[in-house]
Each structure stands twice: as C-alpha cells, then as structure tokens.
1. Under a point spin-label approximation (7 Å from Cα along Cα-to-Cβ), what is the residue 243-residue 115 distance to one decimal in nm?
2. Restricting to Cα pairs below 8 Å that are 6+ residues apart, what does the relative contact order work out to for the stretch 1-100? Please round to a whole percent.
3. Please give the calculated 222 nm ellipticity per residue for the chain, where each DSSP H segment of at least 4 residues contributes -39500 (n - 2.57) and the sum is spread over every residue; nearest 500 deg cm²/dmol?
4. For the stretch 165-262, report the accessible area per residue in Å² (1.4 Å probe, heavy atoms, rounded to an integer).
5. What FRET efficiency would be calculated for the residue pair residue 35, residue 68, taking the C-beta separation as r and a Förster radius of 22 Å, to the nearest 0.05?
6. How many angstrom lie between the C-alpha centres of the stretch 37-103 and the stretch 181-200?
7. What does a probe at residue 224 reach in the stretch 56-80, counting residues whose amide N is under 19 Å from the point 7 Å along Cα→Cβ?
8. Accessible area, 1.4 Å probe, largest first: how do 45, 170, 144, 53 sort?
Amino acid sequence: MILTDTVEAIAEELFAAEAEIQEIDTFVDRYPELDTNLAYKVQERLIGMKCTRQKTRVRGHKLGLTSVAKQKMMGVHEPLYGVLLDDMELDQHEPISLQPFIHAKIEPEIAFVFERDIKGPVSVPEVLTATAYVMPAFEIIDSRYRDFKFTLPDVIADNASSSRFILGDRIENIDNLDLKVIGSVFKKNGQVMATGTGASVMGHPARAVAWMVNKLAERGQFVKAGEIVLSGALTEAFRIEKNDVFSVGFDGLGAVQVVFTT
Ligand code: 0L1
Ligand code: MG
C-alpha cells in the first residue's frame, strides 16, 4: 500500500470512530509505516475531512504531553500538537451533554491569542511580546482509541485526543503576570482534585507555544493572528462522569466552571 493510501485509510477510520462514538484499535501494528511524520500527515487529512464534511474551520492549535510526568508515562521526550476547530468550542454557561464523547477527560489550561502571525524560529520572549491576551481554559480530551491507550504516532494521528474546549474571560495585560508561577486549583464537584502551576507546562506555557511554533515552521505552517493556542495541561486530566461540575481557578487569570449533564 502506498503512503497516501495509508493516510487516507487511517484518517477515514478516525473520522468514523468519532462520528459513530466508537472506540477503535490503534494503528501502529496494522500500519508499521506509521511514524510521527506520517502521523502528522494523517492529522492534516483528518482536519481537512472535518472542515469539508462538518462545514467547520480551523480556530487554532493545541499542545499536549507538555508535562514531564505525562511524557514519561508515554515513554516520549517531547510534546505533540493538534488543531482546534470552530465546532469544538463550548460555552462555559451552557450545560454540556456527555452524549458525543467516548470516554472524555477534562484538564485545565492557559489559552493564548496573538496580535500578529507568529512564525518560527521564535523565542519565549517573542511569544510573550506577540500575545494579545490569555484566557483560563478547559480542554476536554477524548481519545478515539480503546481504553484511552495509544502510542505517540497513534495519538498524533488522532489530532492529539482533542475534542472540545471552553474559554474564560480575556486577560489583556499580561506584563505584570508571571505565567510560570501562576497557580491553579482544579475542583470536581467542589473537591480539590489537583493543583498546578504554569511551570508544569514545559517550565513556562509560552515555552510550549514557542516549541509548537518552531515545529510548525518545519512543516511550513504558522500560528495566525487571532487564532487560539491551548498551551498544555497544568495538572493531570480527570474522567468526566454524568452530572459532574468542574471548576478551575487561576491566580490572576480568573476562573472557568463547566457543568455536565448525561
Ligand atoms: O491535551 C493533551 O495533553 C492530550 C495529549 C494526548 C495524550 C492524551 O490523550 O492524554
Ligand atoms: Mg490538553
């Protein structure tokens, strides 16, 4: 089978798994040619299918596996990235149904929006200078793979487990905020589940963004002005059960709360 057939076949299977809310087997054993490079091609094809068939469009980007703990768990040494689409955004004031998800988890993140296009090579101070505003956020991740288990190429192909995102209010002046020492308290049904600081995200959330922008440049891509970037989780992700209420409060960034139904 030639590589374009592999890309097409995997992207179709991932698209169908999400549409039919069905978990599937991973691909690396079935397609030994699936390495990280080919996996990003699958991801691109999957995003193309979603844009055409769901009549949606690219809204931004996300990083994943940004903590050393998560990288160790996966046996990898670097993060990964994926794409956010318009139809993935949910409103924090609307209850969220669990119906569209296979086995969703939720994690707190800091979202960035930039006032101009940023192209690699870029440094952390350049990312911060280009930042228009940041927002407290939740990401809902939902792997299409059985039991949420996969290898790095599998999860890259599956658009980095992305599913939905929820944004809080904008903080436009970040000059006096040190994003690496910002603390967050993540609660489920009023109970503290985890705490984390900005430094949990590759030492500084802007370092994660710079890493992704530099990786995108290798593929001739960049982050456009106005696009959202989810910079990576500050804590571990927790499974969402019906009627759960999750909240995250960030020091100096405000809070987000989401209510799930059945
Ligand atoms: O956003 C994330 O950190 C998820 C990255 C992919 C790995 C996972 O699904 O846990
Ligand atoms: Mg995430």
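1. 4.8 nm
2. So the answer I get is 23 percent.
3. Helix contribution divided over all residues of the chain: -8000 deg cm²/dmol.
4. Solvent-accessible surface per residue comes out at 45 Å².
5. 0.45
6. The stretch 37-103 and the stretch 181-200 have Cα centres separated by 22 Å.
7. 56-63
8. 170, 53, 45, 144
The values are calculated or read from the model by the stated rules, or taken from the named source; none is laboratory data. All values derive from a computational prediction rather than experimental measurement. Please note: Cβ atoms are built from the backbone with ideal geometry, for glycine as well, and neighbour counts cover all protein chains shown. Keep in mind that these areas ignore ligands, DNA and RNA; they rest on the heavy atoms of the full protein, side chains included. Shrake-Rupley method; radii C 1.70, N 1.55, O 1.52, S 1.80 Å.
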